[in-house]
Each structure stands twice: as structure tokens, then as C-alpha cells.
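The values are calculated or read from the model by the stated rules, or taken from the named source; none is laboratory data. Nothing here was measured: the structure is a model prediction, and the numbers come from that model. Don't worry about glycine lacking a Cβ; one is built from the backbone with ideal geometry, like all the others, and counts go over all protein chains shown. Only protein heavy atoms, including side chains, enter the accessible area calculation; ligands, DNA and RNA are left aside. Shrake-Rupley method; radii C 1.70, N 1.55, O 1.52, S 1.80 Å.
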Amino acid sequence: LLTFGHITERTTQKLVPQCSAEFEPWSITNESASGMFALCRQPDYRTRIAHGQLLGVMKRIDKLIELVRVQRLILFETGELGVGVRRIVGIPQAVAVRMPVGSNREYEPALLLPAIPEKSLPPTLFLQPGRYQPQGFLDLYVKQKSSVWMLDLIDKGHNFEQVTFESV
């Protein structure tokens, strides 16, 4: 499961030693409003999963990708991998971001969670690690380019930084 990016044939060949290049079947054994516990019964998959990692989960019934954060990992004697995850509220939208100044002016993938006013949740961006700069600016491309000001780093894992932002 990759959070950022699109997987091409060439990229797949490079990543196979590091992670699985396809969707992996997991069995959800326990589910609540705030999270779930799932088992991977096929220990030959190569996905590396770490505590605090951001993952995308798609259930067959709704086909929407839900963001979750790994909270607990258990490797059973049978080789099964158990993962406890915390749900992240909202439906992620794929967007592109870039630093408006500096050496890297290329757009890179990011995820946008729109504001949820009824839960008093501000809009947030999931950026690749190392992109957050306090009071920094980003070019955000959704349907058109806009500029945003990064406010607070609200969560961080080894494969993401979640930041609040506002339009400039």
C-alpha cells in the first residue's frame, strides 16, 4: 500500500524488494468507529508496515479509500501480521503541491482532507516527510493553482506530515 504516487511498471520493479506492488487482501477482525484491527494471512507479501505509518484502506463494499494510521503491529507465530489502525476522518482527495521558491519546483503528490465544520476540523494536507515549514508557503493544485500558507504540523509519521493551512 503506497500513500503517495502512482505505480508504473518500472517503479514496480524497483519497489518489489521494499513493498508489495498490488493490493493486498486483509481480513478485518475487529472494527469500531475510531479504528480497526486487520490480519494479513499471506506472509509472503513484501509490504513493509511500520508503527505510525499512513496507509490507504479500501473495503470491497464501498470502493472509497480511507486513510488510517498504524497504531499497533503484531507478528504471530503463524506468520500472520496483525495491524491495529486509527481512522482519519474525511475522504482524501489527490492533489499536487510544490514549494514556490527553491531548487525543487516540481509538483509532487499530496492528499487533501477538506474541512469538516460539524466536527470543527480544519482542512489539512498530507505532505511527504520534510516538506513542512512553519509559516511556509505552498503552491496547491486541485483544479487550478492556488497558494496556501502552512499553519501547524498536527501529525507526523515516517511517511507523511499532516499540516493545517489557509489560502493566501
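For segment 115-128, does any single residue satisfy the condition of being over 30 Å from Ile49 (Cβ atoms), outside any loop (DSSP other than H, G, I, E, B) and in contact (Cβ under 8 Å) with a residue 12 or more places away in the chain? Explain how you work it out, then say what you get.
Within segment 115-128, the first condition is being over 30 Å from Ile49 (Cβ atoms), and the residues that meet it are 117-118, 120.
Subsequent filtering for residues that are outside any loop (DSSP other than H, G, I, E, B) retains 117-118.
Checking which are in contact (Cβ under 8 Å) with a residue 12 or more places away in the chain leaves us with none.
Among the residues of segment 115-128, not one is over 30 Å from Ile49 (Cβ atoms), outside any loop (DSSP other than H, G, I, E, B) and in contact (Cβ under 8 Å) with a residue 12 or more places away in the chain, which makes the answer no.
Can we say Glu106 is touching a Gly at 6+ places or on another chain (Cβ under 9 Å) and either of a type in the set (Lys, Arg) or over 23 Å from Ala33 (Cα atoms) (or both)? For Glu106, the condition - touching a Gly at 6+ places or on another chain (Cβ under 9 Å) and either of a type in the set (Lys, Arg) or over 23 Å from Ala33 (Cα atoms) (or both) - is not met.
The set of residues from segment 124-168 being among the polar types (S, T, N, Q), open to solvent by 40 Å² or more (accessible area, probe 1.4 Å) and under 14 Å from the mean Cα position of the chain (by Cα) comprises just one member, Gln128. A single member of Leu151, Leu111 is more than 30 Å from Ile28 (Cβ to Cβ), outside any loop (DSSP other than H, G, I, E, B) and in contact (Cβ under 8 Å) with a residue 12 or more places away in the chain, and it is Leu151.
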